[in-house]
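Colleague: Supplied in structure tokens, the structure appears directly below.
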Amino acid sequence: MLDELDKNIIAIMQDEFPLVPEPYRAIADKLGISEDELLIRLNKYSQSKKIRKMGAVLRHREVGYSANALCAWIVPDERICEVGELFAKVAVVTHCYARVAQPGWPYNFYTMLHANTREQCNVIAKNLAEQAGLQDYIMLFSTKEWKKNSMQYFMNNNK
Amino acid sequence: MLTAFDKRLLNIIQTYLPFESRPFAAIAARLGAEESFVIERLRFLKEQGFIRRIGPFFDSSKLGYIGTLVALEVEPCAIPQVAAVINSEYGVTHNYERDGILNLWFTLFSHNMSEQNEVLKKIGNLAGVVRLINLPATQKFKISVQFTL
């Protein structure tokens, strides 16, 4: 279970990461704990997979991936694991989830694809469909970004 | 424009930033560069908008949050108002207008199901919302946003 210090650490780690030689010391100072204690806890979250990645996320438009498509698929239930493992191996697939289909919306499998152009996204999806032997999918290109941020966990602990 | 060094740096830091006292020195060692130069370039890349965020990325479900993807059919003229209400929800991290009948898609994190239901009920009842489809995940195969430059 997470204690209050864990929640304080997780909350403060959502802030800008200090670009200084000893960033963890700067964060630990704010929390009023030692750098060692902070590093021990952060390593613990990594080991328990609470942290799935430590590093930078880029703005994909700025680094040349300006087209992004949510591609929704109809995958037979018994093939979901196999298709999920196949698509997860593809580098330009950044997210790959099975989801519950709904009345009037039969798509039960979702991938995010990134490329330079819509045409390239379409080619990628077509290749995935051929590899997996799937016919039914729909490309949902974004036309406007209304919001994009990272989740602010335990916001009330970060004052 | 990104220099060859910037690209190497970004390729490394997308997957490697260790939990140790001098993490940028560790990256610098891999690049054969000075720690101070790595920090200087990272400041520049952050300021210029190439880097969205540096830090740990948590598995929301392991922290006790419930996530879902929600698709809406919204009357086109009502999209700005509906999007504004969605954006004001603390647990909404992504909200995109997309091609097709279901024209507004957002991701929502909640502390529990009743909180999720409450938010979805509120949004589903907004003027201009024709249909709300909740698409909770049953299995996650990949979440890894990395771009090789």
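No lab work stands behind these numbers, since they all come straight from the coordinates. Because the structure is a prediction, the values reported are computed rather than measured. Cβ atoms come from the backbone with ideal geometry, glycine included; neighbour counts cover every protein chain shown.
Colleague: Rounded to the nearest angstrom and ordered from largest down, what semi-axes does the equivalent ellipsoid of the protein assembly as shown get from its C-alpha gyration tensor (root of 5λ)?
Modeller: They are 34, 24, 18 Å, listed from largest to smallest.
Colleague: Classify the stretch B:1-47 as rounded, prolate or oblate from the Cα gyration tensor: take a ≥ b ≥ c as the square roots of its eigenvalues, call it rounded if a/c is under 1.5, otherwise prolate when a/b beats b/c and oblate if not.
Modeller: It comes out prolate by the Cα gyration axes.
Colleague: Between A:VAL90 and A:GLU62, what is the label-to-label distance in nm when each label sits 7 Å out along the Cα-to-Cβ direction?
Modeller: Spacing of the two 7 Å Cα→Cβ label points: 2.8 nm.
Colleague: Something else about it: Could you tell me the calculated FRET efficiency between B:ASP99 and A:GLU22, based on Cβ-Cβ distance and R0 = 51 angstrom, to the nearest 0.05?
Modeller: Efficiency, from the Cβ-Cβ distance: 0.60.
Colleague: Next up: Would you mind calculating the relative contact order of the stretch B:4-47 from Cα pairs under 8 angstrom and at least 6 residues apart, reporting the percent as a whole number?
Modeller: 30 percent
Colleague: Binning at 10 Å from 0, report for the stretch A:1-107 what percent of all alpha-carbon pair distances ends up in each bin.
Modeller: Answer for the stretch A:1-107: a P(r) of 10, 29, 23, 25, 11, 1 percent.
Colleague: Nearest 500 deg cm²/dmol is fine: what mean residue ellipticity at 222 nm does chain A get from its DSSP H runs of n ≥ 4 alone, each adding -39,500 (n - 2.57), divided by its residue count?
Modeller: Result for chain A, helices only: -10500 deg cm²/dmol.
Colleague: What trypsin sites (Lys or Arg not before Pro) in the stretch A:1-108 are in a loop by DSSP, with at most 16 other Cβ atoms within 10 Å of the Cβ?
Modeller: Passing sites in the stretch A:1-108 are A:LYS49, A:ARG59, A:ARG61, A:LYS89.
Colleague: Moving on to the next point. So for chain B, averaging the separation of alpha carbon pairs under 8 Å that are six or more residues apart and normalising by length, what relative contact order in percent results?
Modeller: That works out to 25 percent.
Colleague: Can you list the HN-Hα couplings for the stretch B:99-107, worked out from phi with the Karplus curve (6.51, -1.76, 1.60; θ = phi - 60°), rounded to whole Hz and with x for Gly and Pro?
Modeller: 4, x, 5, 7, 9, 9, 10, 9, 9
Colleague: For B:PHE44 and B:ALA84, calculate 0.36 nm times their separation in residues minus their Cα-Cα distance, and state this gained length in nm to one decimal.
Modeller: Computed gain between B:PHE44 and B:ALA84 is 11.2 nm.
Colleague: Go from 0 up to the bin containing the longest alpha carbon distance in the stretch B:42-140, width 10 Å each, and give me the % of pairs per bin.
Modeller: Going out from 0 Å in 10 Å bins, the stretch B:42-140 shows 14, 42, 27, 16, 2 percent.
Colleague: So, in nm, how far is label B:ILE143 from label A:GLU82 when the simple model puts each one 7 Å beyond its Cα toward the Cβ?
Modeller: 2.8 nm
Colleague: Compute the length gained on full extension between A:ASP136 and A:LEU31: take 0.36 nm times their separation in residues and subtract their Cα-Cα distance, giving the result in nm to one decimal.
Modeller: 32.7 nm
Colleague: Quickly work out the A:ASN43-to-B:ARG52 label distance, labels modelled 7 Å from Cα along the C-beta direction, and quote it in nm with one decimal.
Modeller: The answer from the label model is 3.0 nm.
Colleague: Go ahead and set up a Gaussian network model of chain B, Cα springs under 10 Å, then flag whichever of B:GLN14, B:GLN116, B:GLN139 fluctuates most.
Modeller: B:GLN139
Colleague: Follow-up question, since we're still on this one. How large is log10 of I(q)/I(0) for the stretch A:67-141 at q = 0.18, 0.22, 0.24 Å⁻¹ when the intensity is taken from the Debye formula with one equal scatterer per alpha-carbon?
Modeller: Results for the stretch A:67-141 at q = 0.18, 0.22, 0.24 Å⁻¹ read -0.63, -0.95, -1.13.
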